[in-house]
Amino acid sequence: MNKALPPAVEEELSRPVAISFREAFWFWLKLGFISFGGPAGQISIMHQELVERRRWISERRFLHALNYCMLLPGPEAQQLATYIGWLMHRTWGGVIAGALFVLPSLFILIALSWLYIAFGDVPVVAGLFYGIKPAVTAIVVQAAHRIGSRALKNNWLWAIAAASFAAIFAFNVPFPLIVLVAALLGYAGGRFAPEKFRAGGHGAAKKSFGPALIDDNTPPPEHARFSWLKLAALALIGAALWALPMGILTALFGWEGTLTQMGWFFTKAALLTFGGAYAVLPYVYQGAVGHYSWLTPTQMIDGLALGETTPGPLIMVVAFVGFVGAYVLQVFGADHVFLAGAVAASLVTWFTFLPSFLFILAGGPLVEATHNELKFTAPLTGITAAVVGVILNLACFFGYHVLWPKGFGGALDWPSALIAIAAAIALFRFKRGVIEVLMACALVGLALHLLR
C-alpha cells in the first residue's frame, strides 16, 4: 500500500520544471500567430496557456503584471507578454516575447496592405471579415466574463466595474480618468476595507490551477531587482534607439519628409495610447487622414478592419497607415512603391512599440518589489475591476457596429447575429478554442458572402 506524500512534497513535485529559452521562444512565436481577438482575447489566450495550462506563472502574479500594463500607454497584451518573457529569461527574454508578439502581424499586414492597395477589393477577404467580426464580439464578451469572474470578488469591486462601464458607455469619460479614479478608490479601500481589496487568495489559485513555476511567493530573480544604474542605462539606450533612426530619416529626407513626419507622429501616438488602441484611434485618424492626408477616410476604416482580423495588437493598424501613405505618395519613386510601403510600415511599428519595451524593462523591477504589499496592490485591484467594465463597453461597441452596420435606424444583420450567437455557444458551452471559433466563423462568413 503506497503512503500518501506530505502535501508540501506533493505540491513541489507537481510544480512545472524550469522552462528553457528555446521552449519559451517557440511559445512566443506561436502566440504571435494566434493572438486574435484584440487585447481582451489576447490576454485570455495568455491566461489559458501560461496560468491554467502550462503554469509558468501564478494567477496573482499574472494579474499583478497585467494591472501594471493597464496603467501604461501602449498595447497592454504585448506589454504583458514582454513582462512575462523578461521575468522568466531576463532582458532578451522580454525583447523576444514582445517582438514575436508583433512581427507576425507586421508581415501579414504588409502583405494584406499591398493586396488591398494594389488590387482593390478582394471578395474572399471581405467574406472572411464578415464572419470574423461577430466572432470577435463573442470573444470579447467571453474575456470580460473570464476576467470579471476572477477579479470581481465582492460588491465593492462589482460597483467599481459597473461605475466604469456607465462612465465610458453613457458619459464618454476618458479612460485615463477612469483608471485614476479606480486607483484612488482602490487605495482608499485598501486603507479602510483591506479585506475587500486584496488580490485573489493564494490558496484559491493553488486549488484552481496548481503550483506555478513563478508562484505567488516566488522571490523576484536577481535581474528583476531594482537598480538606479540599470534604470539610467536603459534610459540612455532607449533614447539612442529613438534618436538614431530619427536622425537618419531627418538627414535623408528632411524634417518635413513623409517618413520623418511618420516617425514623429507615431512617437507621439505611442505615448497617448492609454486604454488600448481604441483610445488613440481618433488621434491617428485626425492626423493621418485630416492633417497629413496619408490615406482617405474609407481606407482608414478598411485598415481598422484588417487590424481587427489579423493577429497581434489592434494598434498594428498603424502599419497599414504607414504602408498606404508611403505607397500612394511614392516616397521612393514610382518604381519602388512596395519597398516604400514596407519600409514605412516597419518604421512606424518601431516608433510605436519602442516605448512599450522601455516601460516594461525599466518599470518591471519596481512592480516585482510590490506584489505582496497591499498599499500598492489595492489600487491595482481597483483598476482591474474598472477594466472589466471597459472591456464590456468594448463588447457593446463591437456588437453595435457588427450587428447594426447602418446604425439602429437600419435593419439588424441577422446572419452576423447568428454567427455571434454560435460563437458564444462554442466558447461558453463547449469551451472551444479561440482559433477554432475564428476559423469556423471565417469560413461561414466566406460562404455567406459568396452566396449573395
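The values are calculated or read from the model by the stated rules, or taken from the named source; none is laboratory data. Since the structure is predicted, the reported quantities are computational estimates derived from the model, not experimental observations. As a convention, Cβ positions derive from the backbone with ideal geometry for all residues, glycine included, and neighbour counts pool all protein chains shown. Remember, those area values only see protein heavy atoms, side chains included, never the ligands or the DNA or RNA. Shrake-Rupley method; radii C 1.70, N 1.55, O 1.52, S 1.80 Å.
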Exercise. When you go through (1) more than 25 Å from Ala385 (Cβ to Cβ); (2) touching an Asp or Glu at 6+ places or on another chain (Cβ under 8 Å) one by one for Glu23, which number turns out not to apply?
Worked result: (2)
Exercise. Is at least one residue of segment 390-408 at positive phi and open to solvent by 30 Å² or more (accessible area, probe 1.4 Å)?
Worked result: no
For this session: Among the numbered conditions (1) of a type outside the set (Val, Ile, Thr); (2) modelled with pLDDT under 85; (3) farther than 28 Å from Val402 by Cα; (4) surrounded by fewer than 24 Cβ atoms within 10 Å (Cβ to Cβ), tell me where Asn154 comes up short.
Result: (2)
Exercise. Pick from segment 17-55 the residues that are touching a Pro at 6+ places or on another chain (Cβ under 7 Å) and under 20 Å from Ala143 (Cβ atoms): which of them is most open to solvent (accessible area, probe 1.4 Å)?
Worked result: Phe33
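To keep it simple, each residue is scored yes or no on (1) open to solvent by 80 Å² or more (accessible area, probe 1.4 Å); (2) modelled with pLDDT under 95; (3) touching a His at 6+ places or on another chain (Cβ under 6 Å); (4) over 13 Å from Gly322 (Cβ atoms).
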{"position": "Lys230", "(1), (2), (3), (4)": "yes, yes, no, yes"}
{"position": "Leu234", "(1), (2), (3), (4)": "no, yes, no, yes"}
{"position": "Ala243", "(1), (2), (3), (4)": "no, no, no, yes"}
{"position": "Ile248", "(1), (2), (3), (4)": "yes, no, no, yes"}
{"position": "Phe253", "(1), (2), (3), (4)": "yes, yes, no, yes"}
{"position": "Gly257", "(1), (2), (3), (4)": "no, yes, no, yes"}
{"position": "Phe265", "(1), (2), (3), (4)": "no, yes, no, no"}
{"position": "Lys268", "(1), (2), (3), (4)": "no, yes, no, yes"}
{"position": "Leu272", "(1), (2), (3), (4)": "yes, yes, no, yes"}
Exercise. Take the residues of segment 409-451 that are at pLDDT below 85 and in contact with a Phe, Trp or Tyr (Cβ under 8 Å, 6 or more places away or on another chain): which is most open to solvent (accessible area, probe 1.4 Å)?
Worked result: Ile435
Problem set entry | Enumeration of residues in segment 292-329 that are modelled with pLDDT of 80 or more, within 17 Å of Ser35 (Cβ to Cβ) and small (Gly, Ala, Ser) | Gly312, Ala319
Exercise. Mind checking whether some residue in segment 381-397 is more than 24 Å from Val317 (Cα to Cα) and in contact with a Lys or Arg (Cβ under 8 Å, 6 or more places away or on another chain)?
Worked result: yes
Problem set entry | Some residue of segment 349-359 being open to solvent by 10 Å² or more (accessible area, probe 1.4 Å), more than 30 Å from His89 (Cβ to Cβ) and at pLDDT 95 or above | no
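Yes or no, residue by residue, for (1) among the basic types (Lys, Arg); (2) over 17 Å from the mean Cα position of the chain (by Cα); (3) open to solvent by less than 50 Å² (accessible area, probe 1.4 Å):
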residue: His89; (1), (2), (3): no, yes, yes
residue: Gly94; (1), (2), (3): no, no, yes
residue: Val136; (1), (2), (3): no, no, yes
residue: Val140; (1), (2), (3): no, no, yes
residue: Arg150; (1), (2), (3): yes, yes, yes
residue: Gly189; (1), (2), (3): no, yes, yes
residue: Pro194; (1), (2), (3): no, yes, yes
Seminar exercise, completed: Residue pairs qualifying under the 6 Å Cβ cut-off, at least six apart or on distinct chains, with the first in segment 23-51 being farther than 22 Å from Gly307 by Cβ and the second being in a helix (DSSP H, G or I) and open to solvent by less than 20 Å² (accessible area, probe 1.4 Å), are Val51/Phe62
Seminar exercise, completed: Selection over segment 197-210 where residues are part of a loop (DSSP other than H, G, I, E, B) and either at pLDDT 85 or above or open to solvent by 70 Å² or more (accessible area, probe 1.4 Å) (or both) yields a count of 1
For this session: Could you please let me know if Ala385 is within 24 Å of Ala65 (Cβ to Cβ) and assigned to a helix (DSSP H, G or I)?
Result: yes
Problem set entry | Which listed residue is open to solvent by less than 50 Å² (accessible area, probe 1.4 Å) and either touching a Ser or Thr at 6+ places or on another chain (Cβ under 7 Å) or among the hydroxyl-bearing types (Ser, Thr, Tyr) (or both), from Gly98, Gly131 | Gly98
Exercise. Of everything in segment 31-68 that's hydroxyl-bearing (Ser, Thr, Tyr) and in a helix (DSSP H, G or I), which residue is farthest from the chain's Cα centre (by Cα)?
Worked result: Tyr68
For this session: Test Gly94 against the criterion of being part of a helix (DSSP H, G or I) and modelled with pLDDT of 85 or more, and give yes or no.
Result: yes
